[in-house]
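I have placed the structure first, in the form of structure tokens, so that the comments after it can refer back to it.
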Amino acid sequence: MLNNLRMMFVFSIFFGLMNAQSSIEGSVTDSNGNPLAGANVVVDGTSVGAASGSDGTYQINIPSGTVEGQTVTLVTSYIGYKSQSANVDVPLSGSVTMNFSLEVDAIGLQAISVTALGFEANRDQQGSTSSSINAGDMTRSGESLMANSLAAKASNVIVNPSAGDPGASTSIKIRGANTISGSNQPLIIVDGMPINNSTTYGGGNNITGGRTGGATSQSRINDINANDIASVEVLKGASAAALWGSRAANGVVVIKTKDGAAAGGMKMTYKRTESFDQVHERIPMQDTFGQGRSGNWGTQAESWGDKISERTGGADVVDTSKPYFVSEDGTFTQYTITEKNSKETYVDKNWDAVFQTGRFTQDDFQVSGGDATKTYLFSYGRLRQDGIIRDSFYDRDNFRLNTKFKLSDKVTMTS
């Protein structure tokens, strides 16, 4: 009997405390009285709050010993509606009701972009056409060259490699071509400094040069490691040429590299990217007829000669007294053929002698940090790429050190 009385006494105290808890309840609706589900209702200046249910009602249980018996400000917010606040007298116990009716607010999505001067500005107030490119999207593309990683990242920006060589330069056009004979390349600005994006051609031979052969060297924009980039802005319009004049007639690509963090201590990151490249499509080659014309073997540069399966087999008959060809490394000699006997087509051997599976490997290491008076960022990138054409490769090593010192409230030094 005594134990039962004790239990009843404990439960009475518990229920008394529960009944003594304060709460704020009510509903959130729009101007037409329709309930707004998921509206946030919080006590201003605290983390105490609740979200409205599917019927628009909410209930905030006030923790004991906080704001009971005080006047608090209740703030209600909902996406697409104007926030609303009201003063509420929180009782010592029991509940109080506060209803909200929110008005529609046109959402103004304002974007911040980096101008040609390197300043951040509201894009809606600019007189130029601009597009922002996320640096994370560029690094996820897996491209070995920074300029190629811009492809398909911004509207009306056309990015094409000038050749298939590893490390070859990149052609960039913003909103199409502006000239027939002149350059259509935009001006490239990196941390406020213009750089050259022109292409250097290796030339077809040592006598005439030209663009019909050889290799194309990379452009200076591809010297930049995409992992060092913080933001990229593509500008085209009157204000884009305000600072750089006629050089910006084809547009401006403004690149800002990363800075160190002003808080949080030193941070070290390491990233490795590896990929393999293969020829996308191999065109079938005929191996029924040999070199020649009209069903007869010959030296003509045509492939409608004798039928390979009808040859006798064995080695070809050659004339060593006539002019012959020797490979550059001296491992192969080709004499003039006078009678064709071999059934070998060399289709696969010739293909494998030219093409291979390419490989791309990049290692990136960064150290950053700082405090209220200074920041620093050091990065090292190592890139090694073997092209799908044998003996073609591209090696690059990047070092970057960005520092910023606040000497006074008005003087800052960066490097």
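What follows is calculated from the coordinates using simple rules that are stated; it is not laboratory data. None of the values given here were measured: they were computed from a predicted structure. Positions of Cβ are backbone-derived with ideal geometry, glycine not excepted, and every protein chain shown enters the neighbour counts.
Here each label is just a point 7 Å from Cα along the line to Cβ, and for Ser275 and Ala230 those points are 2.7 nm apart.
Starting from the Cα-Cα distance between Ser246 and Ala372, subtract it from 0.36 nm times their residue separation and give me the gain in nm to one decimal. Write out the running numbers ahead of the final one.
Working: separation 126, 0.36 × 126 = 45.36 nm, distance 4.00 nm.
Between Ser246 and Ala372, full extension yields an extra 41.4 nm.
Pairs spanning more than 19 Å between alpha-carbon atoms, out of Lys173/Lys258; Lys173/Lys236; Lys322/Lys343; Lys173/Lys271; Lys256/Lys410; Lys271/Lys406: Lys173/Lys258; Lys322/Lys343; Lys173/Lys271; Lys256/Lys410; Lys271/Lys406.
Please report the relative contact order for the stretch 292-354, taking Cα pairs under 8 Å with a sequence separation of at least 6, and give it as a percent rounded to a whole number.
On the way: 83 pairs, mean separation 17.3, N = 63.
Dividing the mean separation by the residue count of the stretch 292-354 yields 27 percent.
Ordering of 33-46, 161-174, 310-323 by packing is 161-174, 33-46, 310-323, highest average first (other Cβ atoms within 10 Å, averaged per residue).
Grab the beta carbon distance between Thr333 and Leu401, set R0 = 41 Å, and tell me the FRET efficiency rounded to 0.05.
Given R0 = 41 Å and the Cβ-Cβ separation, E is 0.15.
Please report, to two decimal places, log10 I(q)/I(0) for the stretch 292-354 at q = 0.17, 0.20, 0.23, 0.27 Å⁻¹ as given by the Debye formula with identical point scatterers on the Cα atoms and no solvent. Results for the stretch 292-354 at q = 0.17, 0.20, 0.23, 0.27 Å⁻¹ read -0.74, -1.00, -1.22, -1.29.
Taking amide H as placed 1.01 Å from N in the peptide plane, Gln70 has its amide H under 5 Å from the amide H of Val90, each at least 5 places away in sequence or on another chain. The length gained on full extension between Thr97 and Val318, counted as 0.36 nm times the residue separation minus their Cα-Cα distance, comes to 68.9 nm.
What is the sum of charges, Lys and Arg at +1 and Asp and Glu at -1, for the other residues whose Cβ falls under 13 Å from the Cβ of Val67? Don't skip to the answer; put the middle values down first.
Numbers: positive: none; negative: Asp44, Glu68, Asp89.
Value of the local net charge: -3.
Amide H contacts under 5 Å for Thr57: Val28, restricted to partners 5 or more places along the chain or on a different chain, H placed in the peptide plane at 1.01 Å from N. For the stretch 70-93, backbone nitrogen atoms closer than 17 Å to the point 7 Å from Glu25 Cα along Cα-to-C-beta are found at 89-93.
Judged by the mean number of other Cβ atoms found within 10 Å, the most tightly packed of the peptides 219-226, 84-91, 25-32 leads the ranking 219-226, 25-32, 84-91.
Rounded to the nearest 0.05, what FRET efficiency do Ser47 and Thr288 give with R0 = 56 Å and r taken as the Cβ-Cβ distance? Could you check?
Numbers: r = 80 Å, r/R0 = 1.44.
It comes to 0.10.
Efficiency by 1/(1 + (r/R0)^6): what FRET value for Ala177 and Arg390, r their Cβ-Cβ distance, R0 = 25 Å, to the nearest 0.05? Efficiency at R0 = 25 Å is approximately 0.10.
How much length is gained if the chain between Asn350 and Asp55 is pulled fully straight, taking 0.36 nm per residue apart and subtracting their Cα-Cα distance, in nm to one decimal?
Numbers: separation 295, 0.36 × 295 = 106.20 nm, distance 7.41 nm.
Computed gain between Asn350 and Asp55 is 98.8 nm.
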